[in-house]
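Report on the following structure.
The values are calculated or read from the model by the stated rules, or taken from the named source; none is laboratory data. What you see is a predicted model; the values in this text were computed from it and never measured. Cβ placement follows ideal geometry from the backbone for every residue including glycine, while neighbour counts extend to all protein chains displayed.
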Ligand SMILES: C[S@@+](CC[C@H](N)C(=O)[O-])C[C@H]1O[C@@H](n2cnc3c(N)ncnc32)[C@H](O)[C@@H]1O
């Protein structure tokens, strides 16, 4: 893959600044972070430019690793470790332990049955008191937080019935079952949120 073929997400350009402000509040300067579903890698490139001492280990499903590798080589040479293949359904997650696991816009893309795998894997990968930070749109008790999220949810389900905005009422028990407890729920621009779970 040549650098000009790299996928680009305009949403990442819009949300990267508000997200890094949250990360800087919650992470120590030298935190070890595992990123799940890194996608285009734009987040990792940007976050690592502002948090140079954080060890940011990006991962994604195997077919996306090459695009991450090319972007990191081009836009963050020497700053990020080699991206790794990780599907949340894998039993063995790479590296660790990590102080935090970060995942943006993945829970509404992966089938709901994979959500417990994400929580279980994160709980295994985290240190005691480690954090799982999930960014994206969420609903509560069957209710969308905005009309735009309702339409986005409908468009996702039309595209693939296994996708859809997830409900915090369903996510919290899954997280608690593996010892991850919701510590904060931070409103973000464009009706997104960061759910911060802590390993208790
Ligand atoms: C909408 S993209 C988000 C990418 C990036 N985090 C962002 O915010 O732009 C969803 C990502 O979830 C990843 N994903 C989907 N199913 C996954 C799974 N089972 N394990 C790990 N990642 C998965 C996809 O490969 C994709 O990179």
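Residue 65: within 27 Å of residue 182 (Cα to Cα), free of Cβ contacts under 8 Å to residues at least 60 places away in the same chain and within 11 Å of the ligand (Cβ to nearest atom), yes or no? Taking the combined requirement at face value, the residue does not satisfy it. Need the failing condition index for residue 142 against (1) touching a strand residue (DSSP E or B) at 6+ places or on another chain (Cβ under 8 Å); (2) within 16 Å of the ligand (Cβ to nearest atom), just the number. Result: residue 142 fails condition (2) only. Checking the stated criteria, residue 117 turns out to be more than 22 Å from residue 3 (Cβ to Cβ) and either modelled with pLDDT under 95 or not in a strand (DSSP E or B) (or both).
Please verify whether the stretch 101-122 includes one or more residues that are buried (at least 18 other Cβ atoms within 10 Å of the Cβ), over 14 Å from the mean Cα position of the chain (by Cα) and more than 14 Å from the ligand (Cβ to nearest atom).
Here is the first cut: in the stretch 101-122, the ones buried (at least 18 other Cβ atoms within 10 Å of the Cβ) are 101-108, 110, 115, 118-122.
Keeping just the survivors that are over 14 Å from the mean Cα position of the chain (by Cα) gives 120.
If we keep only those that are more than 14 Å from the ligand (Cβ to nearest atom) as well, we get none.
So far as the stretch 101-122 goes, no, none of its residues is buried (at least 18 other Cβ atoms within 10 Å of the Cβ), over 14 Å from the mean Cα position of the chain (by Cα) and more than 14 Å from the ligand (Cβ to nearest atom).
Restricting to the stretch 145-159, and then to whatever is touching a residue at least 40 places away in the same chain (Cβ under 8 Å) and touching a strand residue (DSSP E or B) at 6+ places or on another chain (Cβ under 9 Å), can you tell me which residue is surrounded by the fewest Cβ atoms within 10 Å (Cβ to Cβ)? First the steps, then the outcome.
Step one: list which residues in the stretch 145-159 are touching a residue at least 40 places away in the same chain (Cβ under 8 Å), which gives 145-146, 148-149, 153, 156.
Remaining after also requiring touching a strand residue (DSSP E or B) at 6+ places or on another chain (Cβ under 9 Å): 145, 149, 153.
Numbers: 145: 16, 149: 18, 153: 18.
Here the answer is 145.
Rundown of residues vs (1) loosely packed, with under 14 Cβ neighbours inside 10 Å; (2) assigned to a loop (DSSP other than H, G, I, E, B); (3) modelled with pLDDT under 95, yes/no style:
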position: 1; (1), (2), (3): yes, yes, yes
position: 12; (1), (2), (3): no, no, no
position: 19; (1), (2), (3): no, no, no
position: 40; (1), (2), (3): no, yes, no
position: 56; (1), (2), (3): no, no, no
position: 65; (1), (2), (3): no, no, no
position: 70; (1), (2), (3): no, no, no
position: 79; (1), (2), (3): yes, yes, no
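Answer yes or no as to whether residue 45 is closer than 16 Å to residue 133 by Cα and touching a helix residue (DSSP H, G or I) at 6+ places or on another chain (Cβ under 9 Å).
Values: closer than 16 Å to residue 133 by Cα: no; touching a helix residue (DSSP H, G or I) at 6+ places or on another chain (Cβ under 9 Å): yes.
Answer is no for this residue.
For the stretch 160-199, filtering for residues that are without any contact (Cβ under 8 Å) to a residue 12 or more places away in the chain and in a strand (DSSP E or B) leaves 1. Residue 74 meets each of the listed conditions (1) within 10 Å of the ligand (Cβ to nearest atom); (2) outside any loop (DSSP other than H, G, I, E, B); (3) in contact with a helix residue (DSSP H, G or I) (Cβ under 7 Å, 6 or more places away or on another chain); (4) over 23 Å from residue 194 (Cβ atoms) apart from (1).
Report whether or not residue 31 is touching a residue at least 60 places away in the same chain (Cβ under 8 Å) and in contact with a strand residue (DSSP E or B) (Cβ under 7 Å, 6 or more places away or on another chain). Before the answer, list the steps.
Values: touching a residue at least 60 places away in the same chain (Cβ under 8 Å): yes; in contact with a strand residue (DSSP E or B) (Cβ under 7 Å, 6 or more places away or on another chain): yes.
Spelling it out, residue 31 is indeed touching a residue at least 60 places away in the same chain (Cβ under 8 Å) and in contact with a strand residue (DSSP E or B) (Cβ under 7 Å, 6 or more places away or on another chain).
Kindly indicate whether residue 133 is in contact (Cβ under 8 Å) with a residue 24 or more places away in the chain, within 20 Å of residue 52 (Cβ to Cβ), in a strand (DSSP E or B) and more than 10 Å from the ligand (Cβ to nearest atom). Taking the combined requirement at face value, the residue satisfies it.
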